Amino acid sequence: MTRPTVGVVGPGDLVEQIAPATEQVGRCPVVRIPYQHENETSALVRKHHDEVDCWLFTGIVPRTLAELARVVNHPAEHVCYSGVTLLSVVVRLLNEGYPVRSLSVDTLDTDDVRETLAAAGLGDTRIAVLAYRSGHTAERLVDFHRSVRHRFGPDTVALTCLRSAFAVLSEETHAVRMVPSRKDTRQAVGSLLLKTQSHRYSDAQVAVGFARLAEPETTLARLLGELGASTTTLPDGRLAFVTTRGPLWAVTRGFTGLPMLAELAGHLAEVHIGIGIGRTAAEAEALANTAFGRAREAGGFIAALALPNEAPRVLETGTAEAEQDTAPDLQQLASRAGVSKKTLLTIRSLLDARGDRGLTAQDVANGFGVHERTARRLVKQLERAGIAVVSGRRINGPGRPLMVYDLRL
């Protein structure tokens, strides 16, 4: 298995500190993604999505901002500051002659701070902690430290994890910006690589589905095409399909909805779909039957999904526009099709150049500089994986008309 590419996101100085440690510990390539202010996080994560396989944030603040913006579609971890990092800051203060009688600490957990200080023999130190919550800004953190200094006295030392807050506090009082220790960084990298490995393994789990439509002649060609599913019709009239967890995760927006089914609502009275995911085909089939039963009981226009050890969940139908909420994982698509991620990035560039009007095998041949026969084989690979879908459009020219394919990238 190839080593994952890690995107390290955070303030520039911390990225330059953490990236080499990540390369050394994980022995994997790293993409450095620095920002000037934490408010840039979401845009940068979205911009570099296709370059990486997982995210390592330099702290909980950028990670939370990216997750709230719903742009984190790879495994993610952040470096925690409440272990060796906090202890090293306290020891440094003591070595510099500060009595450390009172502290104001932002972002960290109160219990973690108390335990660390007790372990350092500073259990009597007065502390005030502002645990990080979504929506906290640098201004909120600065106001917190100011109020604590007003209560505890001018000797209070402010410990902050946010560079933008430190820039203000350092002009007003004795402030320390906490910088993650090498040990805390190694722990975060190890956790991230385990998550990524587990994610890749689970992506290959079997997914089985059963579908019944009120009008049998209506097809689910688009859904099945994007899943890259193989299909068969059962004796009881249901359509059975088989795929894997990875493409199903992408199509269902992280197992939450199936918006493309809204397209059938206008001309069908009922649609029942049950999908099961398991470690084996037999387990997935049993769960799919359970989910199908749940959909049939609910009646109407329902798709249900069953995971191991969970009750079936109903997938929201939503609207067709909602399908764009989750960006496709190009590494998973590439693995499914048996091509490289670079190949898919090149194809997407060709698609962008044509204004997203689809591609022909000839377009692919010209873009890659290969014979058209080679390009047709590549397009057929993508079609079998559900990435290229026949659009029904043709381009007339010398020789036979050229088939246009829509690309699900």
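The values are calculated or read from the model by the stated rules, or taken from the named source; none is laboratory data. Predicted model only: the values in this text are computed from it and were never measured. Glycine gets a Cβ as well: all are built from the backbone with ideal geometry, and neighbour counts include every protein chain shown. Please note that ligands, DNA and RNA were not included when accessible areas were found on the heavy atoms of the full protein model with its side chains. Shrake-Rupley method; radii C 1.70, N 1.55, O 1.52, S 1.80 Å.
Could you grab me the full set of residues in region 34-73 that are aromatic (Phe, Trp, Tyr) and assigned to a loop (DSSP other than H, G, I, E, B)? It would help to see each step written out before you state the result.
Let us first name the residues in region 34-73 that are aromatic (Phe, Trp, Tyr), namely 35, 55, 57.
Result: no residue meets the conditions.
Given the conditions (1) open to solvent by 60 Å² or more (accessible area, probe 1.4 Å); (2) out of contact with any helix residue (DSSP H, G or I) (no Cβ under 8 Å at 6 or more places or on another chain); (3) more than 25 Å from Gln197 (Cα to Cα), and given that Leu93 satisfies all but one, which numbered condition is not satisfied? Result: Leu93 fails condition (1) only. For region 318-369, taking the residues that are open to solvent by 50 Å² or more (accessible area, probe 1.4 Å) and at pLDDT 85 or above, the one that is nearest to the chain's Cα centre (by Cα) is identified as Leu345. Just give me the residues in region 253-290 being closer than 29 Å to Arg70 by Cβ, at pLDDT 90 or above and either among the small types (Gly, Ala, Ser) or in a strand (DSSP E or B) (or both), in sequence order. Those that are closer than 29 Å to Arg70 by Cβ, at pLDDT 90 or above and either among the small types (Gly, Ala, Ser) or in a strand (DSSP E or B) (or both): Ile273, Gly274, Ile275, Gly276, Ile277, Ala284, Ala288.
If you take the residues of region 96-112 that are surrounded by 12 or more Cβ atoms within 10 Å (Cβ to Cβ) and small (Gly, Ala, Ser), which of them is modelled with the lowest pLDDT?
Ser102
Within region 370-385, how many residues are without any contact (Cβ under 8 Å) to a residue 12 or more places away in the chain and either under 30 Å from the mean Cα position of the chain (by Cα) or closer than 29 Å to Val242 by Cβ (or both)? Talk me through it step by step, then tell me what you get.
First, the residues of region 370-385 that are without any contact (Cβ under 8 Å) to a residue 12 or more places away in the chain: 370-374, 377, 380.
With either under 30 Å from the mean Cα position of the chain (by Cα) or closer than 29 Å to Val242 by Cβ (or both) added as a condition, the list becomes 377, 380.
Of the residues in that region, 2 qualify.
Contact map, region 85-98: first residue under 16 Å from Ala118 (Cβ atoms), second residue buried (at least 17 other Cβ atoms within 10 Å of the Cβ) and of a type in the set (Phe, Trp, Tyr), Cβ cut-off under 9 Å, separation 6 or more or different chains; pairs are Val89/Tyr81. Applying the selection to region 40-76, what residues are over 25 Å from Leu141 (Cβ atoms), of a type outside the set (D, E, K, R), at pLDDT 90 or above and open to solvent by 20 Å² or more (accessible area, probe 1.4 Å)? Within region 40-76, His48 is the sole residue that qualifies.
Inspection of region 175-192 finds a residue satisfying the criterion of being in contact (Cβ under 8 Å) with a residue 40 or more places away in the chain and in a strand (DSSP E or B). If only residues of region 99-157 that are aromatic (Phe, Trp, Tyr) and assigned to a helix (DSSP H, G or I) are counted, the one that is nearest to Val84 (Cα to Cα) is Phe144.
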